[in-house]
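J.: Before I ask anything, here is the structure I am working with.
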Amino acid sequence: MARRSHRLVQMSMSAMTLGPVALVGAGPGDPELLTLRAVRRLEAADVVLHDSLIPEEVLNMVPRRAQLINVGKRCGDVKDRGLQQQEIHDLMLTHSRRGCNVVRLKCGDPFIFGRGGEEVEFLAANHVPCEVVPGITSALGAAASCQVPLTHRGFNTNHLHLCVGQSKAKELADMDWAEMAKRAMQQTAVFYMGLKLLDKICTTLRENGAPAETPMMLVESATSPTETSLYSTLGEMPAEVKKQQFGSGGPVLIILGPTAAFPAHLERLANGEAAAKRRKVDQRSDVRHNKMAEACDA
């Protein structure tokens, strides 16, 4: 009987139709930055397990018949009574076993500091069909919104470094800070989730030799209607944050390196250098006009 019971369990599991799970990146905040595939997966969903920072405009794309479950993930942390990662895994599996089309809707991109790899591992181990739909990570969203190219030939940026500013224990992330400091003026570094440890980040980089004048920019709630930014330098940013009382609770990116000064560079072009160039063009035009007039008079 025991063997027969075991066979029945195996048959029922093999006959079970597992619903697909799509890990969908919702992008940095602006609903218009969703991909077409992301929209299609939302429109076909039966269950959506979403992070707490997903905008209402995005959630409104989900059919009324579908179940929305806020799992409370916010900037990689569990807040507002959010679920632990294993609980999210269990929810995905439970609804998949019911034959539902499940969407795990995540801020930014699932595979960039979004724990998407852990979720794919769990689904694979449980034989759940899975798809990953990429999203625009907040570093790219902030770069476009603030017009900060993360690489730019004229600014000597040969490397792009994406990293988290803090570890699981809320301490400074474990990385080669000496190498980061050495390359401070030769690369663009983008720190996710680093505002709370900004003072430590700046101090550690300075202690390892990074120039105090290294450009630095903070961007909060990138691409959303409440986006704010603050530009300063590595040496002065901590004091500037306190002075401006920067940070209202939204996710903050730290951009460090020469390209962080690009908005100021664009402003100079618009207000000064471009005007000077226009004057030179106008002068050349006047010379050509005068020569043409002289030729006509002759």
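The values are calculated or read from the model by the stated rules, or taken from the named source; none is laboratory data. Only a predicted model underlies this, so the values are computations on that prediction, with no experimental measurement involved. Neighbour counts run over all protein chains shown; Cβ positions are idealised from the backbone, glycine included.
J.: Please list, ordered by residue number, the helices (runs of 4 or more DSSP H) wholly in the stretch 222-298 having 2 or more residues that are at pLDDT below 50 and not basic (Lys, Arg).
T.: Numbers: elements: 237-244, 262-268, 274-297.
Hits in the stretch 222-298: 274-297.
J.: Provide a single number: the residues in the stretch 157-184 that are farther than 16 Å from residue 214 by Cα and either in a loop (DSSP other than H, G, I, E, B) or in contact with a helix residue (DSSP H, G or I) (Cβ under 7 Å, 6 or more places away or on another chain) (or both). Full working, then the answer.
T.: Going residue by residue through the stretch 157-184, those that are farther than 16 Å from residue 214 by Cα are 162-176.
So of that shortlist, the ones also either in a loop (DSSP other than H, G, I, E, B) or in contact with a helix residue (DSSP H, G or I) (Cβ under 7 Å, 6 or more places away or on another chain) (or both) come out as 162, 165-176.
The qualifying residues number 13.
J.: Another one. Filter the stretch 146-170 for residues that are of a type in the set (Lys, Arg) and at negative phi and give the result.
T.: So in the stretch 146-170, the residues of a type in the set (Lys, Arg) come out as 153, 168, 170.
Of everything in the stretch 146-170, those that are of a type in the set (Lys, Arg) and at negative phi turn out to be 153, 168.
J.: Being under 23 Å from residue 142 (Cβ atoms), surrounded by fewer than 16 Cβ atoms within 10 Å (Cβ to Cβ), free of Cβ contacts under 8 Å to residues at least 24 places away in the same chain and not aromatic (Phe, Trp, Tyr): is that true of residue 43 here?
T.: Details: under 23 Å from residue 142 (Cβ atoms): no; surrounded by fewer than 16 Cβ atoms within 10 Å (Cβ to Cβ): yes; free of Cβ contacts under 8 Å to residues at least 24 places away in the same chain: yes; not aromatic (Phe, Trp, Tyr): yes.
No; evaluated as a whole, the condition is false for this residue.
J.: Right, residue 127: at pLDDT 95 or above, more than 20 Å from the chain's Cα centre (by Cα) and part of a loop (DSSP other than H, G, I, E, B) or not?
T.: Taking the combined requirement at face value, the residue satisfies it.
J.: For residue 189, state whether it is crowded, with 19+ Cβ neighbours inside 10 Å, at pLDDT 95 or above and in contact with a Pro (Cβ under 6 Å, 6 or more places away or on another chain).
T.: No.
J.: Please determine, by comparing only the residues of the stretch 46-73 that are polar (S, T, N, Q) and closer than 18 Å to residue 91 by Cβ, which one is surrounded by the fewest Cβ atoms within 10 Å (Cβ to Cβ).
T.: In this case the residue turns out to be 67.
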